[in-house]
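Below is one structure, written out as structure tokens; comments come after it.
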Amino acid sequence: MTAKPPGLGRANRYTRIIADEALRRGIHVEVVDPLAGELLLTHDGRSVRTFESLSELTSAVALRICSDKALTRRVLLDAGLPVPAGRSAGDRDNDLAFLAEHGEVVVKPAVGEGGAGITVGVRDEAELEDALVRAREVHPEVVLEACVTGDDVRVVVIGGEVVAASVRRPPSIVGDGRTTVAELVSSLSEHRAAETGGAARVPLDEVTLGVLRGAGVVPSDVLEAGRTVAVRRTANVHTGGTIHDVTDELHPEHARLALAVAEAVGIPVVGVDLFVDAVDRPGAVVIEANEQPGLANHEPRPTAQRFVDLLFPATR
């Protein structure tokens, strides 16, 4: 393996997993900006710039489609792919009518990442107003979607192949009869940060407080021993969600759906988020398409290997 380049030690694990695989193959790695995850990979006179799993092979059009959730919905609907009922927020009467029709909705900024500004499980007018404010702090355009049930699955597609799939679960705390809820959340946040090299934390913010209130607890409460309480409704890794590999159990229908999403968007590397009735049975809807999936989240699946295969096929 080629010697590690300067700056790689300051890069996150999503960048290092790609750099390590490239170095193993004798590809020259220049760390352009470790904090941004920017690498310049060069082999046999050809160079490719990457930002973690985002590379020059992803077109500007595909990037735009994935980054705008309202646009993602339209593209997927036009392709005949299943998505939850939804609409762009804006007209108060129509927003309330949509809430009344579906009973429980998800509110999310049209543009954003890391779960920022997303509220799941909005059930009444007051919650809707609060959720819209949080979403608009991230981006002025907001999307409403009907809540769906099932397992939250991330499927990673690279070069027209399903390489990995994981169930994502929201973070939760377990009482011990001595520790307060606030202390348990803080401990969980520190634990998840240590596991992910600082990429994941569980904030004790208004969203977390709202989820705790829904469970009938407040930060100063001491949970009885053995009681489990979810602290977020979303399973996003950046806000403490956990991931569990299900690649071998993934039903072929879910794999085909993820591949169809990649084709509809026209993107070579994508993390397709599905809600499935069950991992090993048919029935799913598409929630989002992420143009920069965290490849390190799916180790030991060969995500970095397939990514570098895509960039430099001659080094396979």
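The values are calculated or read from the model by the stated rules, or taken from the named source; none is laboratory data. As the structure is a computational prediction, the values presented were derived from the model and not from experiment. Cβ sites come from the backbone with ideal geometry, for glycine too, and all protein chains shown count toward neighbours.
Within the range 241-253, can you find the residues that are more than 10 Å from ALA165 (Cα to Cα), surrounded by 16 or more Cβ atoms within 10 Å (Cβ to Cβ) and not hydroxyl-bearing (Ser, Thr, Tyr)? Within the range 241-253, GLY241, HIS251 qualify. Got at least one residue in the range 76-96 being buried (at least 19 other Cβ atoms within 10 Å of the Cβ) and over 30 Å from GLU253 (Cβ atoms)? The answer is yes, given that some residue of the range 76-96 is buried (at least 19 other Cβ atoms within 10 Å of the Cβ) and over 30 Å from GLU253 (Cβ atoms).
Inspect all residues belonging to the range 38-49 and state whether any of them is surrounded by 18 or more Cβ atoms within 10 Å (Cβ to Cβ), assigned to a loop (DSSP other than H, G, I, E, B) and modelled with pLDDT of 95 or more. Checked the range 38-49: no residue is surrounded by 18 or more Cβ atoms within 10 Å (Cβ to Cβ), assigned to a loop (DSSP other than H, G, I, E, B) and modelled with pLDDT of 95 or more.
All of VAL157, VAL185 fail the test of being crowded, with 17+ Cβ neighbours inside 10 Å, assigned by TED's automatic domain parsing to the domain that holds GLY271 and either under 19 Å from the mean Cα position of the chain (by Cα) or in contact (Cβ under 8 Å) with a residue 24 or more places away in the chain (or both), apart from VAL157. Please work out if ALA260 is buried (at least 16 other Cβ atoms within 10 Å of the Cβ), under 29 Å from ALA289 (Cα atoms) and in contact with a Leu (Cβ under 7 Å, 6 or more places away or on another chain). The answer is yes for ALA260.
Of the residues screened, GLY117 is not one that is at positive phi and surrounded by fewer than 19 Cβ atoms within 10 Å (Cβ to Cβ).
Inside the range 268-316, residues that are free of Cβ contacts under 8 Å to residues at least 24 places away in the same chain and assigned to a helix (DSSP H, G or I) make up a count of 1. Any residue in the range 144-153 that is out of contact with any strand residue (DSSP E or B) (no Cβ under 8 Å at 6 or more places or on another chain) and touching a residue at least 24 places away in the same chain (Cβ under 8 Å)? No: the range 144-153 contains no residue that is out of contact with any strand residue (DSSP E or B) (no Cβ under 8 Å at 6 or more places or on another chain) and touching a residue at least 24 places away in the same chain (Cβ under 8 Å). Number of residues in the range 9-19 that are surrounded by 16 or more Cβ atoms within 10 Å (Cβ to Cβ) and either assigned to a helix (DSSP H, G or I) or of a type in the set (Asp, Glu) (or both): the value is 7.
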